[in-house]
Amino acid sequence: MPKFSCLLLSTLIAFAAFSQDEEYKEPSKASKDYHDYRLYESTPPYSLEKVKTLIKKNTKYTESEDFDGGTKALDKKTFNSLSLREKFTYTMIHGENWSQNCDVNLPELDEEKKIFGHLSDILGEDSWSDRQTKFLNDNRDSVMAIIKESVIRSKRMGLNYKMAILEINGIEFIPFLVSYYNEKKKDGDILTLLNQLMLQNKYEPFMTSPTYEKLYKEGSDYMAFIDYNKANEQLIIQRATQLYNARTKK
């Protein structure tokens with residue numbers, strides 16, 4: 001779906017919500033600002049201009065048989081010629097799979113007061129290919145080291161970095177995530193990521209908790225959330241730290 005159509009669709013959805021519910025309230029500036037903060041994506045500096053040029057000039061587009069998606073990827077030889085850091089930059093800024101499906105992601109009312117069960121989608125209509133997720137998993141230790149280096153330098157952890165940690169099941173990264181979160185106590189999606197790591201690893205104290213029931217039980221909404229407060233913050237960090245200790249200090 002063309003991007004202008006996605007914009008039109010989001011406008012229509014917002015209008016429909018207002019039309020159907022007289023109590024509809026426009027999200028506050030704080031909610032909108034936090035929404036934008038959540039969608040921030042990190043841009044790795046490693047051979048960035050070289051990688052951007054390759055994407056612009058050397059990606060080959062293919063379409064699926066039903067024309068609703070396909071791939072836009074470097075050829076195998078060019079991809080394999082990239083260094084590890086260049087492949088990391090390429091993967092973080094360019095999803096090789098593309099789809100015409102339009103997922104509308106509007107600001108939520110009181111978004112800054114919620115800890116969501118799921119991270120937002122990344123890369124718009126694009127997503128990582130099997131080749132890209134294989135690269136991340138095959139080089140998980142290096143990927144974690146590069147992300148840590150990048151976050152320390154930039155003081156930000158973008159959504160794409162968080163999704164990469166989830167993709168490689170980066171339990172070893174939990175202490176750094178907690179440390180990063182505690183510096184500003186601003187990025188609630190770090191708490192979301194910790195919850196998703198506990199879910200992904202079926203950590204029993206979490207799987208039997210009220211938090212799990214509210215966020216992930218069968219039939220729960222993708223936008224399910226718990227309140228963003230000190231008690232939930234501390235509980236998530238405590239459980240995630242216990243998961244880290246249980247899995248890495250055997």
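The values are calculated or read from the model by the stated rules, or taken from the named source; none is laboratory data. Just so you know, these numbers come straight off a predicted model, no measurement behind them. Note that each Cβ is placed from the backbone with ideal geometry, even for glycine, and that neighbours are counted across all protein chains shown.
Among the helices (runs of 4 or more DSSP H) contained in segment 144-209, which hold 3 or more residues that are within 16 Å of ASN232 (Cβ to Cβ) and under 16 Å from the mean Cα position of the chain (by Cα)? Step through it out loud before you land on a result.
Working: elements: 159-167, 174-184, 188-200, 204-207.
The qualifying helices (runs of 4 or more DSSP H) are 188-200.
Please determine whether any residue of segment 211-228 is more than 24 Å from TYR40 (Cβ to Cβ) and crowded, with 21+ Cβ neighbours inside 10 Å.
Checking segment 211-228: not a single residue is more than 24 Å from TYR40 (Cβ to Cβ) and crowded, with 21+ Cβ neighbours inside 10 Å.
Before we move on, is ASP130 out of contact with any His (no Cβ under 6 Å at 6 or more places or on another chain) and within 30 Å of THR78 (Cβ to Cβ)? Quick ask: steps written out before the conclusion?
On the way: out of contact with any His (no Cβ under 6 Å at 6 or more places or on another chain): yes; within 30 Å of THR78 (Cβ to Cβ): yes.
Yes, satisfied.
Among the acidic types (Asp, Glu) and buried (at least 21 other Cβ atoms within 10 Å of the Cβ), is that true of GLU111? Spell out how you get there, then give the answer.
Values: among the acidic types (Asp, Glu): yes; buried (at least 21 other Cβ atoms within 10 Å of the Cβ): yes.
Yes; evaluated as a whole, the condition is true for this residue.
Can we say PHE135 is modelled with pLDDT of 95 or more and more than 30 Å from GLY70 (Cα to Cα)? Break it down stepwise before answering.
Details: modelled with pLDDT of 95 or more: yes; more than 30 Å from GLY70 (Cα to Cα): no.
Here the answer is no, as PHE135 does not meet what is asked.
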